[in-house]
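Remarks on the structure that follows.
The values are calculated or read from the model by the stated rules, or taken from the named source; none is laboratory data. Everything quoted here is computed from the prediction, not taken from an experiment. Positions of Cβ are backbone-derived with ideal geometry, glycine not excepted, and every protein chain shown enters the neighbour counts.
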């Protein structure tokens, strides 16, 4: 299948960044809807997959060349973020995929909804709202989709802990739980 | 069709054909034929369902020799715990997707680890017979059984199958899954032969190296003696 | 349901009578909703005024479970996503994971993968047609004929992989084990007898006036809405777009087989079109199966994938043409034996985007038929 090139996007919107490692275009803040509408005009008419990825704050080791010209390894803190990833294809031209990412922080996570452009983002953005807590501006019907309406918390986040409402019943599983707490079984 | 309802009549002809020929042809019967019984007959009375404690006889296994249902530990005959293949390495416990295996190693009087499991429990209410434990076992010690008659009235411990119930002999394995057991035996024999050949080659290499070293040492001695 | 004190009800004036809308929950326990699926319908008489689908009753958070398990250990869980087509789900996951590492799948394994996938497609479409006609009211007869054929194929799956439905057969780089002796001949027999079964099935169903009058014109889906809503699979082809991933992506060895992709003009994309597209797709699957069974070589089953699957940090999106639509797996690897992010793109969930659009204005009985023609499986919708 033919590739859908990201070059035209970068030319049309100079603020967009191409992330080589992930193979994705990082959309600039506030321009996501404009990029999407431009892409729809170009024939990219099928949004296949919308999902969220949660990154906690972590330390990243990188090799850079310092001022003296030597290569050294530094450790820097990568800030936490939530990515909303879109996989786009073109059904007319049978090309694809083009990967777009919207980046937002973990507190007050907000992103622009692309539902008015591609209708398939409707239920999938609701799922990202439900499981990750990202608020989509402009979504016609944002509410919880997989968890029940009164649920609190966002289960897919990396730091989510389950509430202690477990109904205890004596089963052999408890021994496995104890072993896990002693660190002998990786769960 | 020009008459209204013609399509329905055609459909009813199909139904009639299926109904009548289901008495004659096995094709049309919607139930499986009992090809796993040696005489091909259905059990007629309750006495025809052989059942023993522990071992499952072949007549009550499912349709083919290929179906899998809950694991079992293999031993090579005789007293089960003498020839058990499992060394309690706990790889299957780690890899099991629903985490239904519980293993504890066996230690002798001095506290040294001997290569046997002291406790090996599988919670068959959780086990989904996915066969991952069989795949990751490096010792061919755990394989799939095909017993499905495990119902018990004891709710809290009856579905926890302990080590002694899990131990079955290699002959039983040949009985229920002949092709798979033969392939596994062949693979184990091939691995053993390869290991023995490698050891022999390593032994010969070490011997040759030792001889070479002795020859050099002797040469150095004579050289020193000459000087 | 009392109309007096309920605050949500609007009181309408119709012919001088005070009436109100009836709110029905076609609730999770329902024989026609194909699983634990709920539709909150607001009815004006028998006409649907509003419809909200509610799901999540089978949500097991497969995506989070997979973050704590190795790549191989989440293969059995992919069986349980769309539990009718476990072989296809396995293939989609294996495809995505094989994009993360460079491994070559041997020829015989590729042919067997295609055979298993097309057998799964037969199983799915024939069950779907059976359930669809069951929802219409033909209590059981076409369903049982379909299940009779499905049993034959499930026997084949049991002989190949050990289990009828939850096969867990595919591995990264190949398959778990080779098919036993005689399996290819038995599969050939099943495939040879299938067309005559399909002829009989079509004679039973396709000219039946009841089916024609209940499914034609019901649940129309226009081409633009289908493409924009991300609908894929037979539903998309019934709305006029000839987009089949086996021809577009050509994953596996599908470029070696000659087969057609049935699709309509796109004038109407109603339930009858979807039903007929599935019947035609079954015939095309049989063509592929015949070619694959004839051309399968001897050889290895497993490529040389590493024993411990630890890919370097990368992302991959692997998708296949599952029987229900495009099933995709999005994997983010970070160098450890466990995936960082495991995402399932469920075709059934995306196809449900247009349920409300298709049902509004129709009768309540049509809502059941439209849901049946979308072909959902709740294991996949909720994951």
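Would you mind stating whether residue A:9 is within 24 Å of residue C:319 (Cβ to Cβ), touching a strand residue (DSSP E or B) at 6+ places or on another chain (Cβ under 6 Å), within 11 Å of chain C (Cβ to nearest Cβ) and outside any loop (DSSP other than H, G, I, E, B)? Steps first, please.
Numbers: within 24 Å of residue C:319 (Cβ to Cβ): yes; touching a strand residue (DSSP E or B) at 6+ places or on another chain (Cβ under 6 Å): yes; within 11 Å of chain C (Cβ to nearest Cβ): no; outside any loop (DSSP other than H, G, I, E, B): yes.
Here the answer is no, as residue A:9 does not meet what is asked.
What number of residues within the range B:66-86 are in a loop (DSSP other than H, G, I, E, B) and either within 14 Å of chain C (Cβ to nearest Cβ) or at pLDDT 90 or above (or both)?
Number satisfying all stated conditions: 4.
Going through C:119, C:81 one at a time, which residue ends up being in a helix (DSSP H, G or I), more than 12 Å from chain B (Cβ to nearest Cβ), buried (at least 22 other Cβ atoms within 10 Å of the Cβ) and under 20 Å from the mean Cα position of the chain (by Cα)?
Only one candidate qualifies: C:119.
When you scan the range C:187-256 for helices (runs of 4 or more DSSP H) that lie fully inside it, which ones turn up with 2 or more residues that are over 30 Å from residue A:95 (Cα atoms)?
C:209-215
Name the residue, out of C:151, C:224, that is within 14 Å of chain A (Cβ to nearest Cβ) and modelled with pLDDT under 90.
On the way: C:151 fails: within 14 Å of chain A (Cβ to nearest Cβ).
Only one candidate qualifies: C:224.
From the set of residues in the range C:227-255 that are modelled with pLDDT of 90 or more and away from chain A (no Cβ under 13 Å), which is surrounded by the most Cβ atoms within 10 Å (Cβ to Cβ)?
C:234
Of all residues in the range B:1-44, count the ones that are at pLDDT 70 or above, in contact with a helix residue (DSSP H, G or I) (Cβ under 7 Å, 6 or more places away or on another chain) and surrounded by 11 or more Cβ atoms within 10 Å (Cβ to Cβ).
Result for the range B:1-44: 11.
Given the condition part of a helix (DSSP H, G or I), in contact (Cβ under 8 Å) with a residue 12 or more places away in the chain and more than 21 Å from the chain's Cα centre (by Cα), answer yes or no: does some residue in the range C:175-183 qualify?
There is at least one residue in the range C:175-183 that is part of a helix (DSSP H, G or I), in contact (Cβ under 8 Å) with a residue 12 or more places away in the chain and more than 21 Å from the chain's Cα centre (by Cα).
Every residue in the range A:12-36 that is in a helix (DSSP H, G or I) and either within 15 Å of the chain's Cα centre (by Cα) or exposed (fewer than 13 other Cβ atoms within 10 Å of the Cβ) (or both), please.
A:32
Looking at (1) under 19 Å from the mean Cα position of the chain (by Cα); (2) assigned to a helix (DSSP H, G or I); (3) away from chain A (no Cβ under 14 Å), can you tell me which one residue C:269 breaks?
Only one criterion in (1) under 19 Å from the mean Cα position of the chain (by Cα); (2) assigned to a helix (DSSP H, G or I); (3) away from chain A (no Cβ under 14 Å) is unmet by residue C:269, namely (2).
Hey, among the residues in the range A:63-94 that are touching a helix residue (DSSP H, G or I) at 6+ places or on another chain (Cβ under 7 Å) and part of a loop (DSSP other than H, G, I, E, B), which one's surrounded by the most Cβ atoms within 10 Å (Cβ to Cβ)?
That would be A:91.
What residue, of A:94, A:70, A:61, is free of Cβ contacts under 8 Å to residues at least 12 places away in the same chain and over 11 Å from the mean Cα position of the chain (by Cα)?
Working: A:94 fails: free of Cβ contacts under 8 Å to residues at least 12 places away in the same chain; A:61 fails: free of Cβ contacts under 8 Å to residues at least 12 places away in the same chain.
Among A:94, A:70, A:61, only A:70 is free of Cβ contacts under 8 Å to residues at least 12 places away in the same chain and over 11 Å from the mean Cα position of the chain (by Cα).
Only one of C:92, C:66, C:96 is under 22 Å from residue C:382 (Cα atoms), at the interface with chain B (Cβ under 10 Å from one of its Cβ atoms) and not in a loop (DSSP other than H, G, I, E, B); which?
C:66
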